Ligand SMILES: Cc1cc2nc3c(=O)[nH]c(=O)nc-3n(C[C@H](O)[C@H](O)[C@H](O)COP(=O)(O)O)c2cc1C
């Protein structure tokens with residue numbers, strides 16, 4: 001089993017990244033082959049909306065998006081994490097989503113993934129706002145919805161994890177309880 005972790009936030013080693021690592025640790029302990037990348041290390045330009053990929057299944061822009069989609073195409077499990085920015089995903093995650101059209105086939109209701117991989121997806125986010133305002137104000141729900149719009153069109157079972165209340169970027173981080181939950185999710189996926 002191949003598992004691909006994708007960090008779509010700029011801060012390596014912080015909340016979102018730690019949660020991705022915990023899920024990947026669980027996956028590793030159940031024998032999965034692990035790879036992790038950070039989208040901020042890749043050159044991903046914005047979608048031009050030309051629709052060429054609908055005909056050719058390939059984006060006209062020759063940049064690192066092709067590398068990332070190729071990795072995702074081979075993964076059985078994808079662990080995708082973004083910090084919540086303005087109740088949504090990070091701007092780099094959004095560029096990645098827009099440019100993922102060649103990963104799908106065009107169905108009657110929009111893009112659908114017909115290939116089997118990835119069969120399982122874990123979506124992760126963290127935000128500053130504490131629970132339950134995360135949900136009352138649509139903060140976490142906004143970010144998770146944005147991720148589900150894309151990953152929900154794949155042939156995949158989806159699990160979500162979120163860490164609220166990460167108000168102080170220098171001090172805060174996921175609790176041991178949250179990290180254990182993430183590890184267990186990976187181990188029992
Ligand atoms: C540009 C930006 C926008 C943010 N927008 C929100 C937001 O809408 N709601 C919120 O609760 N926290 C928001 N935050 C706080 C982050 O989501 C929070 O600190 C998160 O835990 C950071 O994750 P990281 O430690 O993995 O980078 C924002 C932070 C930044 C830098």
Discussion item. I need the full set of residues from the stretch 46-71 which are surrounded by 12 or more Cβ atoms within 10 Å (Cβ to Cβ), under 19 Å from the mean Cα position of the chain (by Cα) and in contact (Cβ under 8 Å) with a residue 12 or more places away in the chain, in order please.
Written reply: 47, 64, 65, 67, 68, 69, 71
Item to complete: List every residue pair whose Cβ atoms sit under 8 Å apart, with the two residues 6 or more apart in sequence or on different chains, where the first one lies in the stretch 141-166 and is within 17 Å of residue 177 (Cα to Cα) and the second, anywhere, is modelled with pLDDT under 95.
Response: 165/172; 166/172; 166/173
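Tell me, which residue of the stretch 162-189 that is part of a loop (DSSP other than H, G, I, E, B), under 22 Å from residue 34 (Cβ atoms) and out of contact with any strand residue (DSSP E or B) (no Cβ under 6 Å at 6 or more places or on another chain) is modelled with the lowest pLDDT?
Once the filter is applied, the top-ranked residue is 173.
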Item to complete: Spot the failing condition for residue 56; the list is (1) modelled with pLDDT under 95; (2) in contact with a helix residue (DSSP H, G or I) (Cβ under 6 Å, 6 or more places away or on another chain), and only one is missed.
Response: (2)
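For a quick check of your reading: which strands (runs of 3 or more DSSP E) sit entirely within the stretch 73-161 and have at least 3 residues that are within 24 Å of residue 40 (Cα to Cα), within 16 Å of the ligand (Cβ to nearest atom) and at pLDDT 95 or above?
Hits in the stretch 73-161: 77-83, 120-126.
The values are calculated or read from the model by the stated rules, or taken from the named source; none is laboratory data. In this text, all values refer to a predicted model and were calculated from it rather than measured experimentally. Backbone-built Cβ (ideal geometry, glycine too); neighbour counts: all protein chains shown.
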